[in-house]
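Only one structure is covered here, and it is reproduced in the block below.
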Amino acid sequence: RCCPLSPTGAQTTQLLVQPRWTPAVLWDRVTLTCQASRTAAATTWYKDGQRWGQEGRDTITIRESGTYTCDRPGTGLSNPVRLLNERLVLKVPPLTLLEGDTVTLRCRG
């Protein structure tokens, strides 16, 4: 018998990325939005595991490479998002792909 990873209706914190193509790169003017279910609590941001000075803001534009997470009291830490500062990247849409699917790739520099 299998159990869900979290109870039904559990509150979670998600980090949304714009633009949605991955990987996220610095020169794309990446915007992160911290979204949590059923809470109006202030957002705490972390960069490379350290508390970062963007307290209380739900949406931020990133200007430094690193790994970002956000936290909302009662809903926990978000998934991490890594922002690269690479000169050339192969970008893919944020989809779950199966063998035989057609996918568009972007080579960006």
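Taking 12 Å as the cut-off, the amide N atoms of segment 13-34 that come nearer than this to a point 7 Å along the Cα-to-beta-carbon line of residue 92 belong to 22-23.
Per residue, segment 14-108 exposes an accessible area of 64 Å² to a 1.4 Å probe, with every protein chain left in place. Remark on segment 14-108: Rg and Dmax equal 14.6, 45 Å (Cα only).
Element breakdown for the chain at a 1.4 angstrom probe: carbon and sulfur atoms account for 50% of the accessible area.
The values are calculated or read from the model by the stated rules, or taken from the named source; none is laboratory data. A quick note: this is a predicted structure, and the numbers were derived from the prediction, not measured. Cβ coordinates were reconstructed from backbone atoms using ideal geometry, including for glycine residues, and neighbour counts include every protein chain displayed. Ligands, DNA and RNA are excluded from the accessible area calculation, which covers all protein heavy atoms including side chains. Shrake-Rupley method; radii C 1.70, N 1.55, O 1.52, S 1.80 Å.
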